[in-house]
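To start, the structure itself, in structure tokens.
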Amino acid sequence: MNKGQKLLKKAKKIIPGGNQLLSKRSEMFLPGYWPNYYNKAKGYKIWDLDNKMYYDFAGMGVTSCVLGYADHELNSAIINGLKKGSMTTLNAKEEIDLAKEFLKIHKWAGMAKFCKSGGEACLVAIRIARAYSKKQNIAFCGYHGWHDWYLAANIKNSKNLDYQLLPGLKTKGVSKSFKGTIKPFFYNDLNSFKKLFKRKNNNIGTVIMEPMRATKPNKKFLSEIKKIAKKNNAILIFDEITSGFKDNYGGIHLKFNVKPDLAIFGKSIGNGYPISAIIGKKKIMQVAQETFISSTMWTDRLGFIAANKTLQKLKKLNVNKKISEYGIKIKKGWEYAAKKNGLKIIISGINAIPSFKFDHIDNLKISTFYIQEMLKVGFLANTTLATTYAYNDKIINRYLIETEKVFQKINYHLKNNSLVLKGEVKHSTFKRLNS
Ligand SMILES: Cc1ncc(COP(=O)(O)O)c(C=O)c1O
């Protein structure tokens, strides 16, 4: 057993589930064998507790680290800020620079607010939208974090969230009084959206969705959503926590030319340092002054410094172009490797967050085998990854060569009914873990 797994056993006794994020659980990759903890990271390399070095093709910090780990320029800016004091009685002027940059990119917006995590930013946007619209119900599509307003979707029907991103989310502890306040619709299924507004007294004042995740929006899908929301006096929120700044500089909605009322960003805007943003039309954002939205740690200086520096680099280096090119290369490599080895895979995702799925009844088992075999040759791999500016063609070629070899093994084992895992099949849903 590696040091990481040994430590995880101890962690599970004192931390519920062993860590803080479902998507970073060992069980979501390779139960019992994933290295789980890191000593240090640089670029696209990670050293685990046994000081074994791995190449990260498993998400780069849950899609946050577009510039790569421990980016030198970014770290220098942070260290400089640290030395000058990261928390004081007075405010950090860097928040104004960040607000200005967001509003420069998104001309439709007039004001910005900042917090730390993605889920928190969603909660702030929902509060503002409800306060402005004076209606409590929400129509949603996609994943928007762990807070009560969102999980409430599963009170009425425990499967309401299953078709969005994370299946199996439980609602214990969420007030039952939220039942019926949030209603799902499905991506590229305009009818499912229209239906929500057809019911009498729907009271929907907020529409929140990811403008794009796995597949491109059908022609007019986003513009029709906007039209219907507007007609029903509902605030439209685009959640760009994952999609923002990856395909283009700014929100991906700019590419589709559909402007929301509010938009939310997180993850890559600070290259992994805690910072998230809510931007919106001035008259709507001003309502934030009529309801109490406030937190000490939102004034931390380092998040603003990180975001200002990250955005500066994303723009200067044209990072979205490079990471999209890497993603296209990886998608093509997967396609080639699968075809060559008689495997059927389904590829999706924006180019910088490419994903594949084995078109096979044992998809999860085969995916676990893929991760298991890639780990043996030094790759933290998964069937979804996020590309980073720190990659280069050489490491991608190497990754694709190893992927092809594993695909060859998969084909062989499937034919001979001999595919064996060292441990259990990886999880794809939320589950309670034993300590
Ligand atoms: C679209 C979207 N919204 C919200 C969140 C929640 O963000 P966080 O995990 O930072 O709370 C995520 C996280 O993956 C996300 O992808």
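Quick note: the coordinates plus some simple rules give every number you see, no bench work behind them. Quick caveat: nothing in here was measured; it's all calculated off a predicted structure. All Cβ positions, glycine included, derive from the backbone under ideal geometry; neighbour counts span all protein chains shown.
Counting Lys +1, Arg +1, Asp -1, Glu -1, what net charge surrounds residue 333 among other residues with beta carbon under 15 Å of its beta carbon? Provide the component values of the computation, followed by the final result.
Working: positive: 329, 331, 332, 339, 340, 394, 398, 405; negative: 325, 335, 393, 402, 404.
That works out to +3.
Is segment 202-345 rounded, prolate or oblate when judged by the Cα gyration tensor, a ≥ b ≥ c being the square roots of its eigenvalues, rounded requiring a/c under 1.5 and prolate requiring a/b larger than b/c?
Note, shape of segment 202-345 comes out oblate.
Would you list which lysines come within 20 Å of residue 220, measuring only between C-alpha atoms, while excluding same-chain residues fewer than 8 positions from it?
Excluding near neighbours in sequence, the set is 194, 195, 198, 230, 231, 255, 259.
With respect to the cross-link table entries 13/52; 134/183; 116/159, which display a Cα-Cα separation exceeding 20 Å?
Among 13/52; 134/183; 116/159, the Cα-Cα distance tops 20 Å for 13/52; 116/159.
What residue among 121, 98, 137 has its Cα farthest toward the positive end of the dipole of segment 93-137, where the charges are +1 on Lys, Arg and -1 on Asp, Glu, each on the Cβ?
With unit charges placed on the Cβ atoms, the residue in question is 137.
If each residue's Cβ is checked for other Cβ atoms within 10 Å, how do 424, 290 rank with the fewest at the top?
Final ranking by Cβ density, sparse to dense: 290, 424.
For 265, 193, what ranking results if the residue with the fewest other Cβ atoms within 10 Å of its Cβ goes first?
Ordered by Cβ neighbours within 10 Å, fewest first: 193, 265.
Can you find, among 260, 396, 371, the residue farthest towards the positive end of the dipole of the chain? Put +1 on the C-beta of Lys and Arg, -1 on that of Asp and Glu.
So the residue furthest toward the plus end is 260.
If the only charges are +1 at each Lys and Arg Cβ and -1 at each Asp and Glu Cβ, what is the size of the charge dipole of segment 72-316 around the Cα centre, to the nearest 20 debye? Each step should come with its number before you reach the end.
Values: 44 positive and 17 negative charges, 198 e Å.
Using only the charged Cβ atoms, the result is roughly 960 debye.
Show that you can apply the helix-only estimate: for the chain, add -39,500 (n - 2.57) for every DSSP H stretch of four or more residues, divide by all residues, and state [θ] at 222 nm to the nearest 500.
Calculated at 222 nm, the ellipticity per residue is -11500 deg cm²/dmol.
Looking at 211, 228, 241, which one has the Cα that reaches farthest to the positive end of the dipole of segment 174-245 (charges on Cβ: Lys, Arg +1; Asp, Glu -1)?
228
Taking Cα pairs under 8 Å and at least six residues apart, what relative contact order does the chain come out at, in percent?
Result for the chain is 23 percent.
Counting only Cα atoms, I'd like the Rg/Rh figure for segment 157-220, Kirkwood definition for Rh.
0.98
Bins of 10 Å, beginning at zero and ending with the bin holding the largest distance: percent of Cα pairs per bin for the chain, please.
Spelled out bin by bin, the chain gives 4, 20, 30, 28, 15, 3, 0 percent.
When the dipole is taken about the Cα centre of the chain, and only Lys, Arg (+1) and Asp, Glu (-1) are charged at their Cβ, what size is it in debye, to the nearest 20?
The dipole of the chain has a size of about 920 debye.
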